[in-house]
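Have a look at the structure below before the remarks.
Where a number appears in this text, it was derived from the coordinates with a stated rule and is not lab data. These figures come from a predicted structure and were not determined experimentally. Quick reminder, even Gly has a Cβ in these numbers, built from the backbone with ideal geometry, and neighbours come from all protein chains shown.
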Amino acid sequence: MPGIFINGEPVDTGEHRTVLQVALANGFYVPHFCWHPELSIVGNCRVCLVEQEGRGVGIACNMPVYEGLSIQTDSEPVRVQRKAMLEFILLNHPVDCGICDKAGECTLQDYHYTYNGETARSHDPKLRSTKFFPLSERIILDNERCILCSRCVRFTREISKSNVLGMEQRGDSMLVRPVEDRTLDDDPYSDNVIDICPVGALLSCSFQYQARVWYLEPTPSVCPGCARGCTVNLWHRKPEWRLNALDRRENTRILRVTPLENPRVNGPWICNKGRDLGALIDRPRADRALLKGRRVSTKEAIDAARELILEAKSAVALVSSWGSNEELRAFRNALGDTFTCFVKSDSEPAENEVVEDDLLIRADKNPNTRGAQSLFGTDAPKFAEDTDLILIWGEGVDFGSLPRGVTVLFLGYWLLPENGHAEVFIPISVQTERRGHYTNFEGVVSAFEPCQPRPDGVIDAETLFPLLAAPPGSPA
Ligand code: FES
């Protein structure tokens, strides 16, 4: 590999082919808008300027490395030309950072303060353009803020391959627009363009004006939407920025979901279903145990469940494929010999959902089928003639399909009519209220952390299983 010099220091280029890649990999920051490590190089923002010894200033993202190349990233000519480029990019920009959702994460804002910092010299009125162009039901485009870096266009061509976006017109009239006859609604990965937009041009409809990003913090988690198990960040208010005017649930609500880059699983992308995890978790929560539909304390419900388990002659457990590895192990250790156990599918593809593709989306819509099947086998659930007790853990079971007269012990999360149809219902914690691990379809184990408080009356399944295995009357 060729050795080059950056700011006078010898640098090993490794596998990298361009000056920008080598500089970033070795801790020399070079500003960039249009370059993205997962996309092709177009070199159109002209802000990644560096000085090449003997040849002047040029763009680093498209500059090949060769033995002995000497680069300056912050020389006087670089500073002057970079500042001029930023002034040019901002010439018609509305600079409406005060109402822009990207404020706090905007590279244009950061670069302006770092590399320019001056007020505008131009007295000409700025060109006006479309402010709220609907690209889809999920995304709006502010053309006045768009710097035409084309990251979004290249994403739909090179990564999601929906080929939905293109550029029309030329010069300062140029616009990002959907290609004729296509809509971004058909791209199940469309929301990634919001993340990779370096400015505030592409905005999420669900997140718009919800919160300033500096009031939020991310919690690492795993998308439970399919067996890929993409790692994600769940964004919610920082504890110190919770508002007295909001109730507890609103203060801890998941306001947005973004990819947590993971080369082994999902790279820097997730699908739109993963973005909607907040809405999935926001469903009305069950927080009281029930005995034949009557509200009881969790302790009473556990005692009643113990009696049922003790009296059962042939007990079957439908184990959740949304259970964490820790919960699944706890179940097997505590109750694995008491029940005949089958792994069930908690979630099936929804209507109009993309079932499977060759980027990320898997047909199995459960996050931990592999982890559950490694402990409980791959047989489909079945009941014997004498099955008299069925423990249902999680969603996905049609109570009407169960054998008549069988007793049901239900461990669930949401307020559902089925809760009252079970002999005993015990509410258990959801993924955002506990920590754990899922094993994805390829065997990669990923961790998730809690970011919401567990409601009173709700118990962690990992805690519950040993309690259910104890004799009636034991402490609960
Ligand atoms: Fe090099 Fe845009 S990052 S021209």
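In debye to the nearest 20, how big a dipole does region 367-476 give about its Cα centre with +1 on each Lys and Arg Cβ and -1 on each Asp and Glu Cβ?
200 debye
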- Note on the structure: Looking only at lysines whose Cα falls under 22 Å of LYS292's and that sit 8 or more positions away or on another chain, we get LYS313
- Potential extension, ARG264-THR338 segment - 0.36 nm per residue separation minus Cα distance: 22.9 nm
- Query: In Å, the Kirkwood hydrodynamic radius of the chain over pairs of distinct alpha carbons?
  - Reply: 25.5 Å
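Treat region 256-369 as a sphere of radius equal to its Kirkwood radius over Cα pairs and apply Stokes-Einstein at 4 °C in a medium of 1.567 mPa s; give the translational diffusion coefficient in µm²/s, rounded to a whole number. Mind showing how you got there, number by number?
Numbers: Rh = 17.5 Å.
In µm²/s, the coefficient is 74.
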- Whole-Hz ³J(HN,Hα) from phi, Karplus 6.51 cos²θ - 1.76 cosθ + 1.60, for region 337-346, glycine and proline x: 8, 7, 10, 7, 9, 10, 8, 10, 8, 6
- Item | Amide hydrogen neighbours beyond the local backbone of CYS341, cut-off 5 Å, H modeled | ALA317
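Arrange the following residues from fewest to most other Cβ atoms within 10 Å of their Cβ: MET63, MET174. Each step should come with its number before you reach the end.
Working: MET63 21, MET174 15.
So the residues, fewest neighbours to most, are MET174, MET63.
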- Message: Which lysines, if any, have their Cα less than 28 Å from the Cα of LYS102, not counting same-chain residues under 8 positions apart?
- Response: LYS83, LYS126, LYS131, LYS161, LYS238, LYS273
- Cross-link reach from LYS299 to aspartates and glutamates, straight Cα distance under 19 Å and at least 8 residues apart if same chain, gives ASP287, GLU307, GLU311, GLU423, ASP456, ASP460, GLU462
- Long-range amide H partners of ARG285, meaning residues 5 or more apart or on another chain whose placed amide H is closer than 5 Å, are LEU415
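If a/c stays under 1.5 just call it rounded; otherwise compare a/b with b/c (prolate if a/b is bigger, oblate if not). Do that for region 180-234, with a ≥ b ≥ c from the square roots of the Cα gyration tensor eigenvalues. Before the final figure, lay out the partial values.
Working: a/c = 2.35, a/b = 1.11, b/c = 2.12.
The shape class here is oblate.
Around ALA279, what is the net charge, scoring Lys/Arg as +1 and Asp/Glu as -1 over all other residues with Cβ under 13 Å from its Cβ?
Working: positive: ARG138, ARG253, ARG256, LYS273, ARG275, ARG283; negative: ASP276, ASP282.
Overall, the nearby charge balance is +4.
Let me know the charge dipole size of the chain about its Cα centre in debye, to the nearest 20, where only the beta-carbon of Lys, Arg (+1) and Asp, Glu (-1) is charged.
Numbers: 52 positive and 66 negative charges, 165 e Å.
My answer is approximately 800 debye.
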- Query: Cα axis of helix 298-311 to longest principal axis of the chain: angle in degrees, 0 to 90, nearest 10?
  - Reply: 60 degrees
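So what's region 7-72 giving for Cα Rg divided by 2.2 N^0.38 Å, two decimals? Please report the intermediate quantities before stating the final value.
On the way: Rg = 11.0 Å, N = 66, 2.2 N^0.38 = 10.8 Å.
For region 7-72, the normalised Cα radius of gyration comes out at 1.02.
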- In whole Å, what three semi-axes, largest first, describe the equivalent ellipsoid of region 50-121 built from its Cα gyration tensor (square root of 5 times each eigenvalue)? 29, 13, 9
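How would you classify region 120-275 from its alpha-carbon gyration tensor, with a ≥ b ≥ c the square roots of the eigenvalues: rounded for a/c under 1.5, else prolate if a/b is greater than b/c, otherwise oblate?
On the way: a/c = 2.26, a/b = 1.30, b/c = 1.73.
Cα axes put region 120-275 in the oblate bin.
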- Task: Read phi for every residue in region 239-245 and hand back ³J(HN,Hα) as whole Hz from Karplus 6.51 cos²θ - 1.76 cosθ + 1.60, θ = phi - 60°, with x for Gly and Pro.
- Result: x, 6, 10, 5, 9, 4, 6
